[in-house]
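The values are calculated or read from the model by the stated rules, or taken from the named source; none is laboratory data. Computed from a predicted model, the values in this text were never measured in an experiment. Quick reminder, even Gly has a Cβ in these numbers, built from the backbone with ideal geometry, and neighbours come from all protein chains shown. Protein only, heavy atoms only, side chains kept; ligands, DNA and RNA dropped before computing areas. Shrake-Rupley method; radii C 1.70, N 1.55, O 1.52, S 1.80 Å.
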Amino acid sequence: MPEFADMRRTSLATAAALLLVGGCGSSEAPEYGKKAPVVYKRIVSMSPSASEICGASFSRILIGRTAACNSPGGIRAVPVMTRGIEPDLDKIKAAKPDCIVYDRDEVDSKSAAMIESTGIAVFKFGGDSIDEFVESIFEFGRVSGSEELGSKYVDKILLERAVAIAERPETPVRVAVIRQDNFNQKWIAGNDGFVADVVATAGGKPIGPDSKAWVALDPTWLATQSPQILIVAGPLTGISDNAV
């Protein structure tokens, strides 16, 4: 292992914290403008991170979820509205939601098109940068009638970002961010998206494919990139300690 354990426990641990609270930050809050013409109350989530944001940060009660959604607590009682990895359109329509939400990095183009075909309002969390993510948080607060909760959530993000910037190492640390889905497929964050922005904010050099999205992981390729730190989102099996 490289010899900067103390630095990674500060700057890179902060990067992990940033990811856990949403992975983003912004220096200024956008103006809300006019009130939303419709306030969404009956929400179906089609991605795990969207479920956590809606439930844990906005206290919204979901009426539908994916099989992979396991947070916040109590969500397992919410009906699953996917068939395999795709949306179950019949179940979604029968639930009569006001809105379908998802994280744009967690839904493939085919599933996104299926969701759009329902004619139900869609809200997409995320963005390719820190600022874009925060804008989506403020906008969801507006359309869900929970602006104050959205502001509090952003305050947490801003605090984490400030700490990360203050504790950056002098030399950028080579970092790969990996997750494993319910089907044991491993994914690595691309080096052009918001995860890479989080890593760079904390003083890391993102190691990943040239993509804004998560890409199927090739462990052999990863070993050739000589990452110094692996940040793992959730349980991960089959990756040797010798990978770093």
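Summary table below
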read-out: Those residues of the range 106-131 which are in a helix (DSSP H, G or I) and either open to solvent by less than 40 Å² (accessible area, probe 1.4 Å) or within 19 Å of residue 36 (Cβ to Cβ) (or both), in sequence order; value: 111, 112, 115, 130
read-out: Of residues in the range 161-195 being open to solvent by less than 60 Å² (accessible area, probe 1.4 Å) and in a loop (DSSP other than H, G, I, E, B), the one farthest from residue 69 (Cα to Cα); value: 169
read-out: Residue tally, condition modelled with pLDDT of 90 or more, assigned to a loop (DSSP other than H, G, I, E, B), open to solvent by less than 50 Å² (accessible area, probe 1.4 Å) and not polar (S, T, N, Q), over the range 18-57; value: 2
read-out: Failed item in (1) touching a Lys or Arg at 6+ places or on another chain (Cβ under 7 Å); (2) modelled with pLDDT of 90 or more, with residue 115 passing the rest; value: (1)
read-out: Residues of the range 196-210 that turn out to be open to solvent by 30 Å² or more (accessible area, probe 1.4 Å) and either charged (D, E, K, R) or modelled with pLDDT under 90 (or both), as a count; value: 3
